[in-house]
Structures are given as C-alpha cells and as structure tokens.
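The values are calculated or read from the model by the stated rules, or taken from the named source; none is laboratory data. Since the structure is predicted, the reported quantities are computational estimates derived from the model, not experimental observations. With ideal geometry, Cβ positions are generated from the backbone for all residues, glycine too; neighbour counts draw on all protein chains shown.
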Amino acid sequence: MLTKTTTRTLNNSIRTAAFSKIAASRAQHTLPQLPYAYDALEPSISKEIMTLHHTKHHQTYVNGLNAAEESLTKLQSQEASPETIKAVISLQPALKFNGGGHINHSLFWKNLAPAGSEQTKLPAGSKFAQAVERDFGSLENLKKAVNTKTAAVQGSGWGWLVCRLLSVSLWS
Ligand SMILES: [Fe+2]
C-alpha cells in the first residue's frame, strides 16, 4: 500500500509528465521595468539602493527561477524514474523561493510611492480607511504592526495585508 506522500508524489509526476510539452515551451522570466525612475523615491530610498535592489537583488530571483525551471524542463523530458522524481522534488525549494521572490518584488515595486504623495494616504472616508481605523486604530499603527509581524520572516520580511470584505488582516 502506498503512503499518502508516495501517492501524492506519483500523482504529481503523472501531472508533470502530462504538462511536459507545455513546460518545454515555457518562456523565460524577465526583470520588469520599474514604473518610476530609480531616484523617484529619494530621500526615503536612494537611487543607489533602488538600482541595486532592482538590477541585482530582483534580477537574482529572476535568474534563479529561470535556472530552476530550466532544470525542471530537462528532468521532465527524461524517462520517469525514482531518481528523476527525487530530482524534481528537490527543485521545489528553489522554485518556491525564487518564484516567490520574483512575484513579491514585482508587486512590491508597484506599491511604492514618494513619501507624502497622494498614493501614500488612505482615501478619506473609504471602506478601507474605516477598516484600518477599526482594526488597527490608525495607519501608523498598521505600519508598526506590519513591521513587527514581518521582521522575523525569511527574505527580509515579506507580509501581505489582506482585506476580507470589511475587515483587514495581516499575514506573514
Ligand atoms: Fe528585496
């Protein structure tokens, strides 16, 4: 009798084989353009840091994801065996880490704005502003809660602010 893990692994392998043709035509991930200039967020974030963070740090996730997916594509083209299955499973951390880093950074850039600009203020009277007030007390308290909650998370502390209907929750 197969264990749950073995059954799941075999099912994933079958699914993997079924999608191998799709994987073979997988496009390379690329570094997205920033929606503003590297110096747009000064003095809060310097041009140098933005350039480094975007062109080196984010690019490293993109490169790592492409390398992991290339390895996966090669494995998917091979005859299924316990060794190839183990190799596919061993790629999962790299796919998750680099894929997550790429997606998180792509969203992150779109959510930055110069300090004091309109984009950094809660729309007065909006349902979101009311929920933040009710659930955190103020925008400043929300910022503190985000920093506290995410400080210990791997990869410089990613967290997600999630709105569920009319309540706001913090996830890390
Ligand atoms: Fe980063």
Checklist entry - Out of the residues in the range 91-116 that are surrounded by fewer than 12 Cβ atoms within 10 Å (Cβ to Cβ), in a loop (DSSP other than H, G, I, E, B) and more than 16 Å from the ligand (Cβ to nearest atom), which is farthest from the chain's Cα centre (by Cα)? => result Gly116
Checklist outcome for this item: When Val88 is run through (1) within 16 Å of the ligand (Cβ to nearest atom); (2) in contact with a Ser or Thr (Cβ under 7 Å, 6 or more places away or on another chain); (3) of a type in the set (A, V, I, L, M, F, W, C), the failure sits at (1)
Checklist outcome for this item: Ala152 passes all but one of the listed conditions (1) out of contact with any Gly (no Cβ under 6 Å at 6 or more places or on another chain); (2) surrounded by 11 or more Cβ atoms within 10 Å (Cβ to Cβ); (3) among the aliphatic types (A, V, I, L, M); the exception is number (2)
Checklist entry - Is it the case that some residue within the range 25-38 is at pLDDT below 95, out of contact with any helix residue (DSSP H, G or I) (no Cβ under 9 Å at 6 or more places or on another chain) and surrounded by fewer than 13 Cβ atoms within 10 Å (Cβ to Cβ)? => result yes
